[in-house]
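The structure under discussion is supplied below as structure tokens; questions concerning it will follow.
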Amino acid sequence: MSPSVAREGVPALHRAYRAVLVAVSYPGRAVPVAPTTEAALGLVLLSTWEPGSRVALAGSPPPPLPWETEPVPAACAELLVVGGTSSGGALGCVHRGDEDRPEAGGTAVYAVSEGTAGQRVRLRGPGVPGTLDTDLLLDAAELTDRDAACAAWPMGVDLLVVDPAGRVTALPRTTRVERLA
């Protein structure tokens, strides 16, 4: 557990969990969690997943986890933790659930650092009144992999992006993404 998470304890974890719930309910909106990417990532992970979760790591470099774990391959993971805006193709391997259990699809959490350019997109779907034009801090190839992973709704993967300001933005599997110029 990071020192900032240990200092703040249960109230911070509760606030982080509520921030994730709000972000998932309102896709594309950045919800404050903590002052930095690292602190927010720790709080999001600790408040939402158990330390025994099957975790795969990707990105350059992969971010530190708030608990000790032996990483698994992305195809076996329920949680993919990515450093940066690209998983390098690992997102395409994450389990998408199946017809009987679409909720078994995995989640990818991205820890994005300073100086990262986003992709201009238009979102639509549950939680988005009409459409929402916004910037997502994911690279173009990652959005393509996400489109493929979510093509057979209700199966798919959910994405959470923790930005340099310590906010979390969600892209649930039900949200449709249109790239803008």
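The values are calculated or read from the model by the stated rules, or taken from the named source; none is laboratory data. Computed from a predicted model, the values in this text were never measured in an experiment. Positions of Cβ are backbone-derived with ideal geometry, glycine not excepted, and every protein chain shown enters the neighbour counts.
Of (1) surrounded by fewer than 20 Cβ atoms within 10 Å (Cβ to Cβ); (2) aromatic (Phe, Trp, Tyr); (3) within 20 Å of SER60 (Cβ to Cβ), TYR110 satisfies all except one. Which?
(1)
Listed here are the residues, each with its yes/no results for (1) basic (Lys, Arg); (2) more than 17 Å from GLU78 (Cβ to Cβ); (3) in contact (Cβ under 8 Å) with a residue 24 or more places away in the chain.
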position: TYR110; (1), (2), (3): no, no, yes
position: ALA117; (1), (2), (3): no, yes, no
position: LEU137; (1), (2), (3): no, yes, yes
position: ALA141; (1), (2), (3): no, yes, yes
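Return only the number of the condition from (1) in a loop (DSSP other than H, G, I, E, B); (2) among the aliphatic types (A, V, I, L, M); (3) within 13 Å of the chain's Cα centre (by Cα) that ALA170 does not satisfy.
Exception for ALA170: condition (1).
Of the residues SER60, SER113, SER86, which is under 15 Å from the mean Cα position of the chain (by Cα) and modelled with pLDDT under 90?
The unique qualifying residue is SER113.
Has the range 68-88 got any residue that is in contact (Cβ under 8 Å) with a residue 60 or more places away in the chain and β-branched (Val, Ile, Thr)?
Within the range 68-88 (the criterion being in contact (Cβ under 8 Å) with a residue 60 or more places away in the chain and β-branched (Val, Ile, Thr)), the answer is no, since none of the residues qualifies.
If you don't mind, there's one more thing I want to ask. Which condition number does PRO27 fail, the rest of (1) out of contact with any Ser or Thr (no Cβ under 8 Å at 6 or more places or on another chain); (2) closer than 15 Å to VAL161 by Cβ; (3) not in a strand (DSSP E or B) being met?
(1)
Here is a list: THR144, THR116, THR69, THR134. Which entry is under 28 Å from LEU13 (Cβ atoms), of a type outside the set (A, V, I, L, M, F, W, C) and outside any loop (DSSP other than H, G, I, E, B)?
Details: THR144 fails: under 28 Å from LEU13 (Cβ atoms); THR116 fails: outside any loop (DSSP other than H, G, I, E, B); THR69 fails: outside any loop (DSSP other than H, G, I, E, B).
Going through THR144, THR116, THR69, THR134 in turn, the sole match is THR134.
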